[in-house]
1. Taking the alpha carbon gyration tensor of the chain, what are the square roots of 5 times its eigenvalues, largest first, to the nearest whole Å?
2. Assuming a ≥ b ≥ c are the square roots of the Cα gyration tensor eigenvalues, decide whether the stretch 421-524 counts as rounded (a/c under 1.5), prolate (otherwise, with a/b larger than b/c) or oblate.
3. Rank 91, 470, 339 by accessible area, highest first, at a 1.4 Å probe radius?
4. Mean Kyte-Doolittle of at least 1.6 and a Cα length of 27 Å or more along the axis: which whole DSSP H helices of the chain meet both?
5. Exposed loop sites here are GluC sites (Glu not before Pro) in DSSP loop states with at most 13 other C-beta atoms within 10 Å. What is the longest stretch of the chain lacking them?
6. Which chymotrypsin sites (Phe, Trp or Tyr not before Pro) does the stretch 378-448 hold that lie in a coil by DSSP with at most 16 other beta carbons within 10 Å?
7. Calculate, for the stretch 379-440, the solvent-accessible area per residue in square angstrom, rolling a 1.4 angstrom probe over the heavy atoms of the protein chains.
8. For a quick check: with amide H placed at 1.01 Å from N, whose amide H comes under 5 Å from residue 572's, ignoring anything fewer than 5 positions away on the same chain?
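The values are calculated or read from the model by the stated rules, or taken from the named source; none is laboratory data. The shown structure was predicted, so the numbers you read here are calculated from the model rather than taken from an experiment. No Cβ is skipped: glycine too gets one built from the backbone with ideal geometry, and neighbour counts run over all protein chains shown. Keep in mind that these areas ignore ligands, DNA and RNA; they rest on the heavy atoms of the full protein, side chains included. Shrake-Rupley method; radii C 1.70, N 1.55, O 1.52, S 1.80 Å.
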Amino acid sequence: MRRFLATLKLLVFGRPIATGRIQRAQLRSRLALPVFGASLLSTVTYAPDAVVDALRKGGVQSTLPLMALGVVAIMLLLGFAYRSNVRKRPDARGDYGLVSDKLGPEAALVTGASLLVDYVFTVAVSVAAIAQFIAFVVPGLDNAHTSIAVGAILVMTLANLRGVRERAHLLLVVWFGFLGVILLQLVIGATRDEIAPLNTTPPEPTWSTAIAFAGAIASGAVMLTGIEHLASSGPAHAEPRGKRAGRTLILAVLAGAVAFSAVIVMVWRYRVSGWASGPVLLQTAERIFEASWPVWLVAIPSVAILYAAASAVFRRFADLTSLLASDSYLPRQLSQQNDRLVLRGGVLWVALASAVIVVVTGARLQQLVHMYLIGAFAAIVLSQVAMVRYQSLRIALEPSGRTRLRMKGTRVLHASAAVVAAAVWLVIAIFNFVAGAWFALVLVTALVFLMRGIHRHYADVKEQLAILPDDPASARPSATHGIVLVAQLHRPALRAIAYAKAARHSSLEAVAVQVDPAATRVLQRRWGELGLSIPLVVLDSPYRDLVAPVLDHVRSIHRESPRDMVVVYVPEYIVGRWWERFLHNRATMRLRAKLLSVPRVVVAAVPWHLSSSLAVLDGEPVTRELPRLEKDEATHA
């Protein structure tokens, strides 16, 4: 069974990859654009739905183009601000590293928690949108949104655990294919017979219209959720990294703004109100083309770009958890790569968290969007505040001249971006609070407290483990006492006794727990016949407990000699078949766990390999490394 599982693992996840064979990507902007810009461009598939829904609830759909201009203005402002970010700091730490360096660990903790929540909701929203697109074009899947979304998460999880890297040229086709379909839809829609637009008379200003405007701007701001991924793409670019990464970022923002504007114009022109079910993008395509096959032409690249965006977020989430783990804010195991160079812990956590959210919300896209933006814009605000501080420090070192003036202009850009992002965050938190923003706020807060507690624990452990002058931990114990646990006299017991004798303890004894007096008499008689030259101590257990008598015996040795060390030898069977694990070592597992909690006690497991385990070891070459490695497979974009 073990060999079968090893072979299955090899087929599913691939052969191990040596650390020395990893090749870092050196991408030019045309290839980096689809690799890192998919998250931002994919929002075009569901951002118009959120804007139309907000305006429809307020009865002010005639202002749709105006709202689109507001969203595009925010996109451009934050796009140019983040371009400055990545040009100044082209590293993989992104917003978290910037805030940590300039605003301190507390602000960095909030940024890290916000980004983790943002990434989880990015995956959840993307797969919910995938489900919505598939259900729209495939009849009979109207009630299967949750199943489709969870299935998409499963596929992404397996691909990321294997370490599959999307080929940049394939992503290039997906990215420009989606953008081309949007522009084609715009051209064909604009050249058709004139269609009367919605009423453009400005509505009377009321509280409901104000709420609708605010909700539409906040919902449209979902277009910025992929910008942090672009801001952390510096190391994957060819030199000069900062300049190329900044160019990639601004091109992605401009492309997203053009695609979003194109969809909104067609939605407005063809009176897509949002009352009908299904993605607004596909509803518009239906009205423009008046045929079913062109809708598929729009749906396929839309699903592809959504998949690429969500899959990229898996890796970014794993990278961020690795950074947080390295800084002792998350379990340190999350910073360890497996034999496929994959941060498996991060991949599994984002998959589990996003799947739970999808199931709980029923993959309802509008509800997920309301929960979505809290984390993203909290990180954006803190990032821009950090850049204001960064520019202020640089200005203080520049005495005068044109360079100082340019620095002040950049500081104004970042300050403006921080103010606008903070305003959007407040609008989201207030107007979307009941609709789901409260959940994201609670999640970010809970993560902050959790990571703070983990960091406090690691700091406490570090203090406890620090070496002191004349540290008593280096002092040799005054004596060591060896105890060999003997349940029955057989070859594993003899092996354990031999090992214990070789250690030359100050004292050595074998210990048996008496549950059955008749079996104990047989053991004592056999012990005397073999002449093993060490005493056999029998501990009585009237309540048939194997653990308490041994613990009491060990503690009695410590009471007599508090500074002595006790080494307990436990014979164990090493098995090869999965079902054999349920038949052996069950009695000793609990005893070992209890003994390890006793100070100045060492538990030594003495293995005895059964024939089934030796057979498995003979078949281990399935884990050998590939003689050669595909370039794209080992490239970390």
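1. Each semi-axis is the square root of five times an eigenvalue, giving 61, 29, 23 Å.
2. Oblate shape, in that a/c is at least 1.5 and b/c is the bigger or equal ratio.
3. Per-residue accessible area, sorted high to low, gives 470, 339, 91.
4. Length and hydropathy pass: 105-137, 168-191.
5. 291-624
6. Working: sites: 390, 425, 431, 433, 438, 439; in loops: none.
Of the chymotrypsin sites (Phe, Trp or Tyr not before Pro), not one in the loops of the stretch 378-448 has a Cβ with at most 16 other Cβ atoms within 10 Å.
7. I get 52 Å² per residue for this part.
8. 606, 608
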